[in-house]
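Single-structure report; data block below.
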Amino acid sequence: MSTQRKTEKNAHLPPPAIYAHVKWDEGAHLLRYEYHGRTIVTIRIPEGKKFNFRAGSDGLIQSAPLVQQTFLSLETDPVASATATFFLNEQSVVMRPRRAGREEAIVGSAGSSLVYGVNGLYDKQLDLLLDWHGRPWHWLDGRLKALGNGLFSAMLEVELSEIPWILNLRPRYYQQHLGYRHHRPWIRMPNQKAVAGWCSWEAYRRDVSEERILKTADFLGKHFRDYGLEYVQLDDGFQQLPLTIGPKRTLADAWLVPNKEFPSGLKHLADTIKKLGMQPGIWMSADIETIQPSSDGSTCQFMDNDGSPLKAFWMRAVLDCKPQTIARQIKPLYEGIRKLGFTYVKCDQIRHLLADALQEAVRRGLLAEEEAVERFREYMKASREGLGADIYYLASWGVLTETIGCADACRISQDANPQWSAIRMQIIESARWFHSHRILFLNDPDHVCVRTKAEWAASLLSLVSLSGQLFMLSDQIDDYDAQRVRLVQKCLPPLTTSPAETGPVDMHYPAFTWLKQHGAQFQGQLEKTWCEVSDDEARIIAGYHETMDADHPLGSLWAFHLSTSVGQWCVAMRIGTLPLRQSTLSVRHLGLDPAKTYLAFDFWAQKFLGEVRETMKAQSLAVGHCQVIAFREKLDHPQFLACSRHVSMGAVGIQSQHWCGNTLTVNVEGVAGSTETYWIHTSDGRKCISAHIDNDPASPVLSGNCEVAAISVTFSKPAVVLTLVF
């Protein structure tokens, strides 16, 4: 049977936690690994070489979770090179099989980059991790290559010797090795799209109205829509309180008829937001005030063993989540949301008011643990089915791994606000949970309050944009002064970044240490301003971690490897989670080849930092401040270096660049009416003798000793061509 026919036969089956079959093809001098009906790895051995390899595994590593370790070595011959080719599904990524070590950057990738030194690949659809160790190796390509039929390949060359080269295959990696048992990407993966919007919660709390939401939507449309902001999400405060259900009043009836502050109704709100060129979102909650029994005494409320309603911390009325309750109360609510026209849903408070409630029933002996989890999952499945496959779905308040496979995004931090303690929490939780991002769900670090100190806002906006997390603003219109409007615009849209490292959650750091107990502060205690913090206060907020005394403590150093039609480059980010001292930064720790020469450009300083090889001097940073640096491999001719349009310096707004003869052509896109700057590296003393924006002459401004030319473009149309002759 052919590999293609085997693949078609097994396509409906989940990938098994069993060995890949290893075959030796004498004619092709090829080791072939077959898994789930197709070849996943081939290793070409130099002809005439005597070698050893392990066809299977033995010993304790056969136990669950399964690791298939194979090795390859030469017998007595000198060193020789072999070529390994990996065959992966679409959306596969490079993946270091461990978290960042001391002074190493947290690594992410966007655009199929094959990152220097990252010794693993992860197939998202199969939940299969492959990693290798023991011998020197290097990539033969810069990025994953499309083969057609949804398959991609990656090639590396490894130096073989008598010392074994080890190849590990870890099937069901996230599901079994990391313990996320509901992760079944062969059934459903989270939506991979980049998401940016605005949420009303930290702007107005419950003091929301139809007028305020639509006025905000109009402002967002004028200032941010063309830059990539899509959603306007109404949060808590629109519903009629108290929320009650009874014999003739379902959960849908209680939620979908708003209070008097929304006189035109929720459908009118959704339709109007769409007319403004945005997409409408809405908040839902598991909170219910009272549940009245039916005339026959039956109820969908969870009852204690003495017949009274189940009560515990924060709980009022708790749905029992039995099949009849799911069918009558839950699914119709979410079907109703879809019919009203909302395309984004935030399902909130499902931890304390639903998951914790069901666990309370377990503590009291009313439910078995497995049944409690299953009832919660039935709630999530019903809400997903009611919404349909296309509505973007955020599960909120607590990292709820039971939502995997149902929700597209999940909150990984507590409620944020403009204070440094909250912003630092968002940065650290982004680091702690980066391994889950775009694999289990899109990470949501909670909304960004740009009314904070401008430098802190720049740090958080940059990180959320570059890491590609859920990008949701939450401020009032008056908070967006000219400076903050430009900060936001330069970070929109967020990228579609995936993690390039994996491993268990680091629990050596305290989570949410800054938080006070919740309670009445939810109502009427909006954090409108921010307070400066001293270095000592910042250390107290941070708590202790093993890396506190490092040049770059946990969460303060990131490296995002980007690949587009413009080329491949790395954007490194340093954040003052604590005061960062002057230091020497190794490019190897960023996932860059120390044998190459790079051109470094600082985005927020708009400054060329010169050529870098092996190391660079890193400046000190105050608490909350950041530095975002693009590293591009130096070419032997003039090249695009950076732009002011987006913090990625090329992933947004740069369509292509082409060097021919003595002419560099760069195709760029921008927002009508905006003015952006484009920096070109002139390369080894070449002189720019003419420049044009489309057909109009331009006057590049030279900086440094004529190394870099800056061209300013005011966009009267969406796309222009920059032409520079040297």
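Derivation of every value follows stated rules applied to the coordinates shown; laboratory data play no part. These figures come from a predicted structure and were not determined experimentally. Note: ideal-geometry Cβ built from the backbone for every residue, glycine included; neighbour counts use all protein chains shown.
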Kindly write out, for the stretch 642-654 in residue order, the coupling ³J(HN,Hα) from the Karplus curve 6.51 cos²θ - 1.76 cosθ + 1.60 (θ = phi - 60°), rounded to whole Hz, with x marking Gly and Pro. 6, 8, 8, 4, 9, 4, 6, 6, x, 6, 10, x, 10
Extension gain (nm, one decimal) between Lys596 and Lys275, 0.36 nm per residue minus Cα-Cα: 110.5 nm
Quickly rank 478-485, 441-448, 114-121 as a protection proxy: mean count of other C-beta atoms within 10 Å, highest first. 441-448, 114-121, 478-485
Theoretical gain in end-to-end length, Glu371 to Arg188 [0.36 nm per residue, Cα-Cα removed]: 63.6 nm
Excluding same-chain residues fewer than 8 positions from Lys145, which lysines have a Cα within less than 19 Å of its Cα? Lys124
Gyration tensor (alpha-carbon) shape descriptor, the stretch 164-287, a/c threshold 1.5: oblate
What ranking, highest mean first, results for peptides 98-106, 255-263 when packing means the other Cβ atoms within 10 Å averaged over each residue? 98-106, 255-263
Give the residue from Trp659, Leu599, Pro697 lying farthest towards the positive end of the charge dipole for the stretch 581-707; charges sit on Cβ (+1 for Lys and Arg, -1 for Asp and Glu) and the dipole is referred to the Cα centre. Leu599
What number, rounded to the nearest 500 deg cm²/dmol, is the helix-based mean residue ellipticity at 222 nm of the chain, given -39500 (n - 2.57) per DSSP H run of at least four residues and division by all its residues? -5000 deg cm²/dmol
What residues have an amide H closer than 5 Å to that of Leu319, excluding those fewer than 5 places away on the same chain, when H is modeled at 1.01 Å from N in the peptide plane? Phe302
Sites Thr665 and Lys634 - FRET efficiency at Förster radius 25 Å, r taken between beta-carbons, to 0.05: 0.80
Here are several values of P(r) over Cα pairs in 20 Å bins from 0, in percent: (1) 16, 46, 32, 6, 0; (2) 16, 42, 34, 8, 0; (3) 16, 51, 31, 3. Which one was derived from the coordinates shown? (1)
Whole-Hz Karplus couplings 3J(HN,Hα) for the stretch 634-639, θ = phi - 60° and coefficients 6.51, -1.76, 1.60, Gly and Pro as x, run 6, 9, 8, 8, x, 8
Can you list residues whose amide H is under 5 Å from Ala618's amide H, if they're 5+ apart or on another chain and H is modeled 1.01 Å from N? Ser583, Thr584, Leu585
What residues qualify as long-range amide H neighbours of Leu609, i.e. H under 5 Å apart, gap of 5 or more or another chain, H built at 1.01 Å from N? Ala600, Phe601, Asp602
Kindly write out, for the stretch 550-555 in residue order, the coupling ³J(HN,Hα) from the Karplus curve 6.51 cos²θ - 1.76 cosθ + 1.60 (θ = phi - 60°), rounded to whole Hz, with x marking Gly and Pro. 6, 4, 10, x, 3, x
Taking a cut-off of 21 Å between Cα atoms, list the lysines near Lys50, but don't count ones fewer than 8 places away on the same chain. Lys23
Candidate lysines - alpha carbon under 18 Å from Lys717, same-chain residues fewer than 8 apart omitted: Lys222
With a 10 Å radius around each residue's Cβ, average the other Cβ atoms per peptide and rank 681-687, 647-653, highest first. 647-653, 681-687
